[in-house]
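Notes follow the structure.
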């Protein structure tokens, strides 16, 4: 498909109208992929204005240069925000605060810099749905899977998606939402989170906010591509423990913030996470945690005890 010019993209937009949608795109060292990502936005055919907020978190490769090139060609659409200091590594919430401050439109569409859109009608279809169904907070869709070299091939990551509503518990129990498929109402960010510092995965919190403020709909159509890459991360014992402890707090935060999720399932997952920490460090350091785990899910606790998982 030939890339449209800025005039061609904006031809059907109402004159002098403010963007209805903001596309949230985050990048870091993705020079191999960012062109395909940006061009997925630029093939969109809509009768409303949209803007692309591209936040580059101080990439050390040519990602930022490529973003600037596209912003120069499409200044009405692509709005670059280039960091000179990496915000994510601060681990103090700076990254999230900056991104949230840049999102000011009625709707937000998600796409990270290594994924991309493939259907030129994707955005129009999703916005039409939300505009016509004010009780829905998010609409998502299926995605194709692209396996990069170094990952074990798979055809499906998200399970079989159906044209229907998805509940808060379904979303939690089996993550079903490709990030690059999400379009949601910005107003869901008003849903309070008690302790945001405990968030490990922002996508699940975003989806649950939507599910707790209204409905979520799936369109069973593949309109984006999820790129699977080797993670390249190795963990020594101390990092494994720290990560496991963070996961416990993450799950506790989900339980505290989202009452529509089955607490039985959450209790089992918190119990298992505690048992995992105990298995790494040993039971003596975590006796109060083990007592807590037992009361959360006695059957899970007893099953782990029989399998001798409390011995690090």
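Which one is modelled with the highest pLDDT, of the residues in the range 171-180 that are over 15 Å from residue 220 (Cβ atoms) and out of contact with any helix residue (DSSP H, G or I) (no Cβ under 8 Å at 6 or more places or on another chain)? Ranking the candidates gives 180 first.
From 135, 163, 142, which residue is touching a helix residue (DSSP H, G or I) at 6+ places or on another chain (Cβ under 8 Å), at pLDDT 90 or above and farther than 14 Å from residue 258 by Cβ?
Working: 135 fails: touching a helix residue (DSSP H, G or I) at 6+ places or on another chain (Cβ under 8 Å); 163 fails: touching a helix residue (DSSP H, G or I) at 6+ places or on another chain (Cβ under 8 Å).
None of the others qualify; the one that does is 142.
Condition check ((1) touching a helix residue (DSSP H, G or I) at 6+ places or on another chain (Cβ under 8 Å); (2) at pLDDT below 90) across all residues:
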{"residue": "256", "(1), (2)": "no, no"}
{"residue": "262", "(1), (2)": "yes, no"}
{"residue": "270", "(1), (2)": "yes, no"}
{"residue": "273", "(1), (2)": "yes, no"}
{"residue": "279", "(1), (2)": "no, yes"}
{"residue": "299", "(1), (2)": "no, no"}
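Scanning the range 71-87 for residues that are touching a strand residue (DSSP E or B) at 6+ places or on another chain (Cβ under 7 Å) and surrounded by fewer than 21 Cβ atoms within 10 Å (Cβ to Cβ) turns up 71, 79, 80, 81, 82, 83. From the list 270, 302, 254, the lone residue that is outside the structural domain of residue 214 (by TED's automatic domain parsing) and in contact (Cβ under 8 Å) with a residue 60 or more places away in the chain is 254.
Yes or no, residue by residue, for (1) crowded, with 20+ Cβ neighbours inside 10 Å; (2) closer than 27 Å to residue 28 by Cα; (3) over 18 Å from the mean Cα position of the chain (by Cα):
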{"residue": "186", "(1), (2), (3)": "no, yes, no"}
{"residue": "196", "(1), (2), (3)": "no, yes, no"}
{"residue": "216", "(1), (2), (3)": "yes, no, no"}
{"residue": "222", "(1), (2), (3)": "no, yes, no"}
{"residue": "227", "(1), (2), (3)": "yes, yes, no"}
{"residue": "239", "(1), (2), (3)": "no, yes, yes"}
{"residue": "242", "(1), (2), (3)": "no, yes, yes"}
{"residue": "262", "(1), (2), (3)": "no, no, yes"}
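Scanning the range 200-236 for residues that are in a loop (DSSP other than H, G, I, E, B) and modelled with pLDDT of 95 or more returns a single hit, 214. For residue 3, the criteria (1) surrounded by 14 or more Cβ atoms within 10 Å (Cβ to Cβ); (2) in contact with a helix residue (DSSP H, G or I) (Cβ under 7 Å, 6 or more places away or on another chain) hold in every case but one, which is (1). Residues in the range 106-123 that are surrounded by 18 or more Cβ atoms within 10 Å (Cβ to Cβ) and within 20 Å of residue 17 (Cα to Cα) were compared, and the one that is farthest from the chain's Cα centre (by Cα) is 123.
Residues in the range 128-177 that are under 21 Å from residue 105 (Cβ atoms) and under 15 Å from the mean Cα position of the chain (by Cα): 5 in all. Scanning the range 22-54 for residues that are crowded, with 19+ Cβ neighbours inside 10 Å and either assigned to a helix (DSSP H, G or I) or in contact with a helix residue (DSSP H, G or I) (Cβ under 6 Å, 6 or more places away or on another chain) (or both) yields a count of 14.
The values are calculated or read from the model by the stated rules, or taken from the named source; none is laboratory data. Computed from a predicted structure; not experimentally measured. Glycine gets a Cβ as well: all are built from the backbone with ideal geometry, and neighbour counts include every protein chain shown.
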